[in-house]
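What follows is a short report on a single structure.
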Amino acid sequence: MYFRNLTLFRFSPAVAADLNGLDDALAQHRLRDVGPIEFATHGFVSPFGRASEQLTLNLSHWTLFTAGGQDKLLPATVVNDDVARRIQKIAEEEDRRPGGSERKRIKDDVLHELLQRAFVRSSRLFAYVDVARGWLVVDTSSRKAAENLVSLVREALGSFPVVPLAPEESPRAQLTDWLATGAMPTGFTLGEECELRDPATATGAVARIRRQDMEAEEIREHLRSGKQVFSLGLVFDDRLSFVLGEDLSVKRVQLLDVVLDQLDSTAETIEQESTARFALFTAEISRLLERLAEIFKLPRPE
């Protein structure tokens, strides 16, 4: 159970205490199949797949859960085209143009008919809470998707006051300094990619560099011209690699071989294998998050 991208939130010890009832709360908000005339439904599903009813994986102070969704695929252009055809037919057969209220009724009729035939797209989004340290970790690079998951948990619990990261130190300034000077914090080394931008304007020059030595003269020239680091590839303790954004999003997380070699290969069921992978992953990510909290001064809410 490895996450690829991490969107991070923090919560207080008081919120952590409320999470003792998470299992029961999620059970009351399971995902149900979308109805014939519904656009979408959202709820919680098992992290172990459709065959399992278990909604969480609890391991020490970590709890893994999964938000699921079913969304009807009904493009607006399809609806508008059908509405236009019906309005045109009335104009030709009855020699009149439907008024506003009639056009609304026509559109409602079209939506009702098309929804019953629309394809359904299923989605899953993994997340876990670390109640000991106050982290919510969502497996997505989309802030909107992460916030939608928070809203779903809040609906289930009645209250879930988590907050985005609020660094006391400027991540962009620190990332730029690391790349410019090579003076890395303990445990970190540079990876092989970065994104540099001119911060003066929103449409300033952008340089995206991958699979290249971060000490190359080309990169030095970009820095001398005033560009700053908006994302930087890093390696932590020679155990995992990732790309850190100036908003402290963590993308393209990859456990390195020295970690993967520790995985217990004797698992006989999906649940056992998922538990082993989750234990391995959270142990490494917890160490990384604690270091990021130290470096960027990310206090846990009181």
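Laboratory data are not the source of any read-out in this text; all were calculated from the coordinates shown. None of the values given here were measured: they were computed from a predicted structure. Cβ coordinates were reconstructed from backbone atoms using ideal geometry, including for glycine residues, and neighbour counts include every protein chain displayed.
Only Lys, Arg, Asp and Glu count, each charged at its Cβ (+1, +1, -1, -1), so figure out the dipole size of the chain about its Cα centre, rounded to 20 debye.
Numbers: 38 positive and 47 negative charges, 187 e Å.
Magnitude of the dipole: close to 900 debye.
Explain nothing, just the number: dipole magnitude of region 171-296 about its Cα centre with +1 on each Lys and Arg Cβ and -1 on each Asp and Glu Cβ, in debye rounded to the nearest 20.
Working: 14 positive and 23 negative charges, 114 e Å.
Using Cβ point charges on Lys, Arg, Asp and Glu, region 171-296 gives about 540 debye.
Can you find, among ALA17, VAL78, ALA127, the residue farthest towards the positive end of the dipole of the chain? Put +1 on the C-beta of Lys and Arg, -1 on that of Asp and Glu.
The listed residue farthest towards the positive side: VAL78.
Per q in 0.14, 0.19, 0.24, 0.28 1/Å, what log10 I(q)/I(0) does a Debye calculation on the alpha-carbon atoms of region 76-115 return?
-0.28, -0.50, -0.76, -0.95
Please find the FRET efficiency linking LYS104 to SER159, where r is the Cβ-Cβ separation and R0 is fixed at 51 Å, and quote it to the nearest 0.05. Please report the intermediate quantities before stating the final value.
Values: r = 38 Å, r/R0 = 0.75.
Rounded to the nearest 0.05, the efficiency is 0.85.
What distance in nm separates the two pseudo spin-label positions at ASP264 and ARG85, each 7 Å out from Cα along the beta-carbon direction?
5.9 nm
Which value, in debye to the nearest 20, describes the size of the charge dipole of region 76-115 about its Cα centre when Lys and Arg Cβ atoms bear +1, Asp and Glu Cβ atoms bear -1, and nothing else is charged?
Numbers: 9 positive and 10 negative charges, 38 e Å.
Value, rounded to 20: 180 debye.
At 7 Å along Cα-to-Cβ for each site, give me the label-to-label distance between ARG30 and ARG96 in nm.
With each label point 7 Å from Cα toward Cβ, the separation is 5.2 nm.
Which one of GLY158, PHE296, PHE39 is farthest out on the positive end of the charge dipole of the chain, using unit charges on Cβ (Lys, Arg +1; Asp, Glu -1) and the Cα centre as origin?
Positive-most Cα among the choices belongs to PHE39.
With no solvent and one point per C-alpha, what does the Debye sum give as log10 I(q)/I(0) for the chain at q = 0.07, 0.10, 0.13, 0.15 Å⁻¹?
Result of the Debye calculation: -0.40, -0.72, -0.99, -1.15.
Within straight cross-link reach of LYS297, meaning Cα distance under 26 Å, which lysines are found once same-chain residues fewer than 8 apart are removed?
Partners found: LYS144, LYS227, LYS251.
Averaged across orientations, what area in nm² does the convex hull of the alpha carbons in region 23-143 project?
Quarter of the Cα hull surface area: 10.5 nm².
How long is region 171-296 along each principal axis, judged by its Cα atoms, biggest number first, in Å?
56, 27, 24
Can you work out D for region 72-178 in µm² s⁻¹ from Stokes-Einstein, where Rh is the Kirkwood radius over C-alpha pairs, the temperature is 4 °C and the viscosity is 1.567 mPa s? Write down the numbers at each step before the final one.
Working: Rh = 18.9 Å.
The diffusion coefficient I find is 68 µm²/s.
If the reach is capped at under 27 angstrom between alpha carbons, list the lysines near LYS104, excluding any in the same chain fewer than eight residues apart.
Once the sequence-local lysines are set aside, what remains near LYS104 is LYS72, LYS89.
Need one word for region 118-181: rounded, prolate or oblate. Basis is the Cα gyration tensor (sqrt eigenvalues a ≥ b ≥ c); a/c below 1.5 gives rounded, then a/b vs b/c decides. Could you put the intermediate results ahead of the total?
Working: a/c = 2.95, a/b = 1.66, b/c = 1.77.
Here region 118-181 falls in the oblate category.
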